[in-house]
Amino acid sequence: MNGLQHTRRIMVIDDHPLFRKGVAQLLEFDPRFDVVGEAASGEEGLSLLAKLHPDLVLLDLQMKGMSGIDALKAVKSQDPQVRVIMLTVSDSEEDLVAALRAGADGYLLKDMEPEDLVDRLDSASHGRVVLSEILTDMLAHAMRSQTGPVDTEDAELTERERQILEYIAAGLSNKLIARQLGITENTVKVHVKHVLKKLNLRSRLEAAVWAIQNGHGTPGQAPCPT
């Protein structure tokens, strides 16, 4: 390490100008971030996305015009590499699950402490999935209504798939998992797809919560590769 840190380019999409500008100002005070753009709607955000090429997009869920979910899908379709974090007042189980299944890389609530928000966004910018703590139990509850295996043996996960599940539970992205295991990112994607199918889940964050709830991972602590 040379001590230099890559500044993460962030775009904020929110139709409430006071909140949008407040978040932008908060992040601008942190040398880890560079707020490259603000948008008041999903449509405006999509227009800016192609010009600004941010690393991270903060996206409100409930906006006039294009909904946050529709904007999320459009952003991911336009630039699959950009990480999208929902930043919303909604602690609805339905909204949470819908956002994760639409491809969100995290779901944070607007009433969290500013310092906590900045730290979570820093984690997200390094490839980790982020979720407000109070939502973890809610997501686990939503998943209990699904029929699925009770443990990794019932799911018939391979040793490699169990290992990757632990990394997912620790919040690592496919790129970081590939780096830890010394395999390609495409190979990780294939394994993740198999894990989700075997567990009857539809998003990696659901898999992370399932793993933690069933004793197969600890949030925030990545296992050592074997």
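The values are calculated or read from the model by the stated rules, or taken from the named source; none is laboratory data. Here the structure is a predicted model, which is why all the values come from computation and not from measurement. Cβ: placed from backbone, ideal geometry, glycine included. Neighbour counts: every protein chain shown.
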Residue list for the stretch 111-147, restricted to those being modelled with pLDDT of 85 or more and either of a type in the set (G, A, S) or within 12 Å of D91 (Cβ to Cβ) (or both)
D111, M112, S123, A124, S125
Which residue pairs have Cβ atoms closer than 6 Å, lie 6 or more positions apart in sequence or on different chains, and pair a first residue in the stretch 19-39 that is buried (at least 19 other Cβ atoms within 10 Å of the Cβ) with a second residue that is among the aromatic types (F, W, Y) and not in a helix (DSSP H, G or I)?
L27/F33
Those residues of the stretch 51-71 which are touching a helix residue (DSSP H, G or I) at 6+ places or on another chain (Cβ under 7 Å), in a helix (DSSP H, G or I) and surrounded by fewer than 16 Cβ atoms within 10 Å (Cβ to Cβ) amount to D70
Any residue that is at pLDDT 90 or above and among the small types (G, A, S) - is there at least one of those in the stretch 199-213?
no
Scan the stretch 72-108 for residues that are in a helix (DSSP H, G or I) and in contact with an Asp or Glu (Cβ under 7 Å, 6 or more places away or on another chain) and jot them down.
L100
